[in-house]
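> For reference, the structure I am asking about is given below.
The values are calculated or read from the model by the stated rules, or taken from the named source; none is laboratory data. Everything numeric here is computed off the predicted structure, so don't read it as measured data. Positions of Cβ are backbone-derived with ideal geometry, glycine not excepted, and every protein chain shown enters the neighbour counts.
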Amino acid sequence: MTLPRTPSMRLDGKRALVTGASSGIGQACAVALAEAGAHVVCAARGADKLQATVNEMTSNGWSAEVLVLDVADLDALKAAFEQHDPYDIIVNSAGLARHTAAFDTTPEDYDAVMGLNLRAAYFLSSYAAKRMTGAGSIIHISSQMGHVGGVDRAVYCASKHGLEGMVKAMAIEWGPRQIRINTICPTFIRTPLTAATFENPERAAWIAEKIKLGRVGEVEDIMGAVLYLASDASSLVTGTSMLIDGGWTAD
């Protein structure tokens with residue numbers, strides 16, 4: 001009798017691109033992939049924080065490099081893919097939230113959120129997939145708000161619901177090429193970008209009530225999920241979302 005063997009979650013020899021890699025969830029994803037052996041190209045708009053992240057990663061013996069990039073600039077995004085070797089793994093953690101009541105949403109806020117969260121994600125996926133020469137994994141950091149609604153979050157929810165639908169359609173199209181595409185949907189994760197929300201007593205109470213496990217998320221809660229979706233352990237997983245929401249959407 002031959003017993004089955006657990007698929008490896010090592011990423012040795014793989015090239016990965018992580019956007020939004022200078023802080024928060026994106027930085028944690030970059031670390032997770034690098035720890036598992038991937039060469040990680042860390043992309044973000046701000047050069048200083050990005051370089052500091054890569055310096056610390058390489059000081060740990062991991063393979064990483066800097067790519068200063070605004071993914072909402074589609075010309076620059078396309079050029080970034082055309083001018084670099086193809087990637088085996090894409091993690092798109094670049095995102096934007098501008099929370100207002102729907103009555104108060106401005107066209108400028110709508111365009112900014114949709115432009116980064118959906119338009120840039122769409123073309124990033126397309127440019128990456130075109131360059132993949134074999135099996136690959138594209139992972140978008142979406143949100144639990146791609147599955148439910150939320151107070152003052154109409155535009156943000158629209159962008160994330162749209163992202164979830166986009167991923168399903170692309171999974172169907174690219175499945176025959178062995179390119180997998182999925183989302184990770186976190187609840188509220190403690191990062192510099194969410195600090196203002198946690199400082200609002202009303203919002204903090206709402207979050208505490210909705211998360212069944214009784215605590216907010218930390219970036220470490222995302223790292224195992226991104227490693228799983230990037231690796232051969234998830235070789236039959238595509239067109240779906242991994243909810244890391246502490247039970248928020250279980251209602």
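> Taking the condition touching a residue at least 40 places away in the same chain (Cβ under 8 Å), assigned to a loop (DSSP other than H, G, I, E, B) and either at negative phi or under 15 Å from the mean Cα position of the chain (by Cα) (or both), does Val113 pass? Quick ask: steps written out before the conclusion?
Numbers: touching a residue at least 40 places away in the same chain (Cβ under 8 Å): yes; assigned to a loop (DSSP other than H, G, I, E, B): no; either at negative phi or under 15 Å from the mean Cα position of the chain (by Cα) (or both): yes.
Judged against the criteria, Val113 is not a match.
> Being assigned to a strand (DSSP E or B), modelled with pLDDT of 95 or more and under 19 Å from the mean Cα position of the chain (by Cα) is true for just one of Ala80, Ala34, Ala21, Ala16. Which residue is that? Working first, answer last.
Numbers: Ala80 fails: assigned to a strand (DSSP E or B); Ala34 fails: assigned to a strand (DSSP E or B); Ala21 fails: assigned to a strand (DSSP E or B).
Result: Ala16 is the single residue among Ala80, Ala34, Ala21, Ala16 that is assigned to a strand (DSSP E or B), modelled with pLDDT of 95 or more and under 19 Å from the mean Cα position of the chain (by Cα).
> Out of region 191-211, which residues are surrounded by 14 or more Cβ atoms within 10 Å (Cβ to Cβ), modelled with pLDDT under 90 and part of a loop (DSSP other than H, G, I, E, B)?
Thr191
> Looking only at region 1-58, count every residue that is of a type in the set (Ser, Thr, Tyr) and without any contact (Cβ under 8 Å) to a residue 40 or more places away in the chain and tell me the total. Outline the logic, then answer.
Keep residues of region 1-58 that are of a type in the set (Ser, Thr, Tyr), which gives 2, 6, 8, 19, 22-23, 53, 58.
From what is left, the residues that are without any contact (Cβ under 8 Å) to a residue 40 or more places away in the chain are 2, 22, 53, 58.
Selection size over region 1-58: 4.
> To continue, here is another question. Taking region 121-146 on its own, how many of its residues are surrounded by 16 or more Cβ atoms within 10 Å (Cβ to Cβ) and either in a loop (DSSP other than H, G, I, E, B) or in contact with a Ser or Thr (Cβ under 8 Å, 6 or more places away or on another chain) (or both)?
Qualifying residue count, region 121-146: 11.
> Further question on the same structure: Six or more apart or on different chains, Cβ under 7 Å: which pairs go from a residue in region 66-90 that's free of Cβ contacts under 8 Å to residues at least 12 places away in the same chain and of a type outside the set (Val, Ile, Thr) to one that's in a loop (DSSP other than H, G, I, E, B) and buried (at least 18 other Cβ atoms within 10 Å of the Cβ)? Could you list them?
Note: pairs meeting the criteria are Ala76/Leu69.
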